[in-house]
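Some notes on the structure that comes next.
The values are calculated or read from the model by the stated rules, or taken from the named source; none is laboratory data. Note that the coordinates shown come from a computational prediction; the quantities given were computed from them, not determined experimentally. Neighbour counts run over all protein chains shown; Cβ positions are idealised from the backbone, glycine included. Accessible surface areas use protein heavy atoms only, side chains included; no ligands, DNA or RNA. Shrake-Rupley method; radii C 1.70, N 1.55, O 1.52, S 1.80 Å.
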Amino acid sequence: METLSIHHRTFINATPDKVYDAIATGTGWDAWFTQGTTVDARPGGTIHFRFKDFGPDHITLEDGGTVLEAVPEEKFVYQWTPGESTTTISFQLEKLGGGTLVSLVESGYKQTDTDLKAFADCAVGWGEALTLLKYYLEHGVTYGVVPRHQLEKPMTEQYTKRTDNFTRRTSELE
């Protein structure tokens, strides 16, 4: 079965070491995107994302997987399961002038209803994430707390499955 991939690139006016620290450490992720993420940045290590009351939909979820590659200032690759398939996320960092060209590829989505939904969510989400990373590293701007509004909705079944998949997979690895 043919799989689908997401591709994003952005230039960040920060050195590759600063970009790498923001994507290969829990403290780095928490500074601009998550709340309580942990990263064991070595091949075979794990990455565990935590979002609490995040964004305009106030999403709370956990997900994560295995770190495949971790080359400081060059590359950070890991897997997770945002749909029904495990996908691979690759951040490639290239020094460009005084900054860094960040290329992100997420691959491995199958053409099923569940994966296509996750594919669409992540394609948009990665665009937002790279923008947040850029704003944080260049200007110190973070997402911040979004006030409550009348369009509140409970966590969707899709996000519940993400949490269940992560919990199940990490138990199997122990």
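Some points to look at:
- Probe 1.4 Å, protein heavy atoms only - accessible area per residue of segment 26-106 in square angstrom: 39 Å²
- Applying 1/(1 + (r/R0)^6) with r as the Cβ-Cβ distance of A123 and K95 and R0 = 25 angstrom yields a FRET efficiency of 0.40.
- For segment 25-102, the alpha-carbon coordinates run over 38, 27, 20 Å along the three principal axes, in decreasing order.
- Between amide H atoms placed 1.01 Å from N, distances below 5 Å from Y109 occur with L4, all of them 5 or more places distant or on a separate chain.
- Mean separation of Cα pairs under 8 Å and 6 or more residues apart, divided by the residue count, gives segment 24-137 a relative contact order of 16 percent.
- Separation of segment 1-40 from segment 68-138 is 7 Å, based on Cα centroids.
- Nearest-0.05 FRET efficiency for T131 and T25, computed from C-beta distance (R0 30 Å): 0.90
- J(HN,Hα) series, segment 58-67, from Karplus relation 6.51 cos²θ - 1.76 cosθ + 1.60, nearest Hz, glycine and proline x: 6, 6, 10, 7, 10, 7, x, x, 9, 7
- Alpha carbon Rg of segment 75-153, scaled by the compact-globule rule 2.2 N^0.38 Å: 1.34
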